[in-house]
Amino acid sequence: MVNGRGAEGQGSVGARFPRPETSEMNTKEMMVTEKKRTGILGVGKYLPEKVLTNADLEKMVDTSDEWIVTRTGIKERRIAAKDEAASDMAVKAARCALNNAGLKPEDIDLIIVATITPDMFFPSTACQVQHKLGIKKVPAFDISVACSGFIYGLAIADQFIKGGMYKRALVIASEKLSAITDWEDRSTCILFGDGAGAAVLSQVDKGGILGVNLGADGDKGDLLQLPAGGSRMPASKKTVEDKLHTIKMEGNTLFKHAVKIMADAALAVANPLGLKGDDIDLIIPHQANLRILNALAKRMGVDPAKKVYLNIEKYGNMSAASSAVALCEAVEEGRIKRGDTILMDAFGGGLTWGALIIKW
Ligand code: UT7
């Protein structure tokens, strides 16, 4: 056995599932594919109560509201309570999504949590969410993909559902970035916030996920990292003194990569579907920087005011939770309607990226 696939190995797997050849069969296949698409049945979010404004930050580090707004578009962000961890926020967003979908926790048979701020290394945040929701036995796991985590999570759930292994998945992105922020570093602390977003996925008869593009570029990992606390640099008095348990970022270099990578990912998913900027009703991007999003809109040839959903002003960058919360708010505000074509697009530490097109 090779990876459980049988002695013939990976190369022959495709040969065991020949594609239909006649045009009649192709039509049938397309109909089946159409029927078996994965859609989003409900969305949810949770934002902690505490608001940290730019004026508050002016008292903490050498910065100004004017600098933060012009360079990033952020006016305020939410900060979780001391005793509020990623799983607590995740559960609240999940309950909201279940409610929106008209489902109960026991209807879920797969839980995926995207987070880079898990409650602890293990057990996973997803297992804690499963326990707190009172769901028994179903698989639950975390994914560590930084800001692209929600889109990776949706893509993974899509595969499990299309493959027939699970029926209804809960995909949650929850981040308590305030716990890993250096509150004395003005180049990073003005950017991040806390929050959680969730979606319930299932097979749908109409619409659903049309395409996904995921990618990673590990050789640029040092542009955005949390150096200590893992097996390479376990926690010690020195790592704490040197603040190596907080986010280190080369913002300027990342900025340039972000604009190109987000545009490339968007085109990589849109082009094979024959979709152009005009065909997209709304872009739900990761909210890293308003200037990045304006540049993305320009490259996609769309009007940012009409076609790019923005909430960075209220929440800052919440890593994976940013696109999840943005999706939820766009639905709540009526910016997404049945039949709309939505592009989700994210970029972040890893480096990683993910773009997904869904017909609502
Ligand atoms: O979530 C996914 C990944 N994240 C990103 O993609 C983030 C991408 N990067 C960015 O959003 C931007 O690079 C930042 C917002 C982080 C920084 O903006 P920038 O326009 O790239 O500024 P910079 O780093 O080039 O710094 C310009 C100046 C520097 O001063 P000097 O050297 O020109 O005198 C900084 O020291 O701004 C200074 N600066 C600040 N000034 C006031 C840096 N942070 C601050 C601050 N307040 N908070």
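The values are calculated or read from the model by the stated rules, or taken from the named source; none is laboratory data. These numbers come from a predicted model, not from an experiment. Quick reminder, even Gly has a Cβ in these numbers, built from the backbone with ideal geometry, and neighbours come from all protein chains shown. Just the protein is used for accessible areas: all its heavy atoms, side chains included, with ligands, DNA and RNA removed. Shrake-Rupley method; radii C 1.70, N 1.55, O 1.52, S 1.80 Å.
Sort through GLY350, GLY354 and tell me the only one that's within 16 Å of the ligand (Cβ to nearest atom), modelled with pLDDT of 95 or more and part of a strand (DSSP E or B).
Result: GLY354 is the single residue among GLY350, GLY354 that is within 16 Å of the ligand (Cβ to nearest atom), modelled with pLDDT of 95 or more and part of a strand (DSSP E or B).
Are any residues in segment 247-281 closer than 21 Å to GLY316 by Cβ, touching a residue at least 24 places away in the same chain (Cβ under 8 Å) and not in a loop (DSSP other than H, G, I, E, B), and if so, which ones?
Correct list: LYS248, MET249, GLY251, THR253, LEU254, PHE255, HIS257, ALA258, VAL259, ILE261, MET262.
Go through (1) among the basic types (Lys, Arg); (2) closer than 30 Å to CYS127 by Cα; (3) at pLDDT below 95 for LYS50 and report which single condition fails.
LYS50 satisfies every listed condition except (3).
What pairs can you find where one residue is in segment 235-246 and hydrophobic (A, V, I, L, M, F, W, C), the other is open to solvent by less than 90 Å² (accessible area, probe 1.4 Å), and their Cβ atoms are less than 6 Å apart, with a gap of 6+ or different chains?
Note: pairs meeting the criteria are ALA235/GLY229; LEU244/PRO227; LEU244/ALA228.
Condition first: away from the ligand (no atom under 14 Å from the Cβ) and of a type in the set (A, V, I, L, M). Now tell me which residues in segment 300-323 satisfy that.
MET300, VAL302, ALA305, VAL308, LEU310
Being in contact (Cβ under 8 Å) with a residue 40 or more places away in the chain, outside any loop (DSSP other than H, G, I, E, B) and either β-branched (Val, Ile, Thr) or open to solvent by 30 Å² or more (accessible area, probe 1.4 Å) (or both) is the filter here, so list the residues in segment 42-66 that pass it.
Matches in segment 42-66: VAL43, LYS45, TYR46.
So which pairs qualify, if the first residue must be in segment 219-234 and outside the structural domain of HIS245 (by TED's automatic domain parsing), the second must be assigned to a loop (DSSP other than H, G, I, E, B) and within 13 Å of the ligand (Cβ to nearest atom), the Cβ gap must be under 7 Å, and the two must be at least 6 apart or on different chains?
As it stands, the answer is none, since no pair meets every condition given.
Please work out which residue is nearest to the ligand (Cβ to nearest atom), limiting yourself to segment 67-78 and to residues that are within 21 Å of the chain's Cα centre (by Cα) and open to solvent by less than 40 Å² (accessible area, probe 1.4 Å).
Out of the qualifying residues, it is THR72.
Tell me which residues, restricted to segment 193-209, are aliphatic (A, V, I, L, M) and surrounded by fewer than 21 Cβ atoms within 10 Å (Cβ to Cβ).
The answer is VAL204, and nothing else.
Return the residues of segment 282-291 that are free of Cβ contacts under 8 Å to residues at least 40 places away in the same chain and in a helix (DSSP H, G or I); say none if nothing qualifies.
none
Which condition number does ALA270 fail, the rest of (1) of a type outside the set (Ser, Thr, Tyr); (2) touching a helix residue (DSSP H, G or I) at 6+ places or on another chain (Cβ under 6 Å); (3) away from the ligand (no atom under 16 Å from the Cβ) being met?
Among (1) of a type outside the set (Ser, Thr, Tyr); (2) touching a helix residue (DSSP H, G or I) at 6+ places or on another chain (Cβ under 6 Å); (3) away from the ligand (no atom under 16 Å from the Cβ), the lone unmet condition for ALA270 is (2).
Could you list, in sequence order, the residues of segment 101-155 that are open to solvent by 40 Å² or more (accessible area, probe 1.4 Å) and within 16 Å of the ligand (Cβ to nearest atom)?
Result: ILE116, SER144, TYR152.
Would you say GLU184 is within 13 Å of the ligand (Cβ to nearest atom) and without any contact (Cβ under 8 Å) to a residue 60 or more places away in the chain?
No, not satisfied.
Of the numbered conditions (1) touching a strand residue (DSSP E or B) at 6+ places or on another chain (Cβ under 8 Å); (2) over 17 Å from VAL113 (Cα atoms), GLY197 fails exactly one; give the number of that condition.
Result: GLY197 passes all but (2).
Out of ALA258, ALA228, ALA216, report the one residue that is within 16 Å of the ligand (Cβ to nearest atom) and open to solvent by less than 20 Å² (accessible area, probe 1.4 Å).
One residue alone meets the criteria, ALA258.
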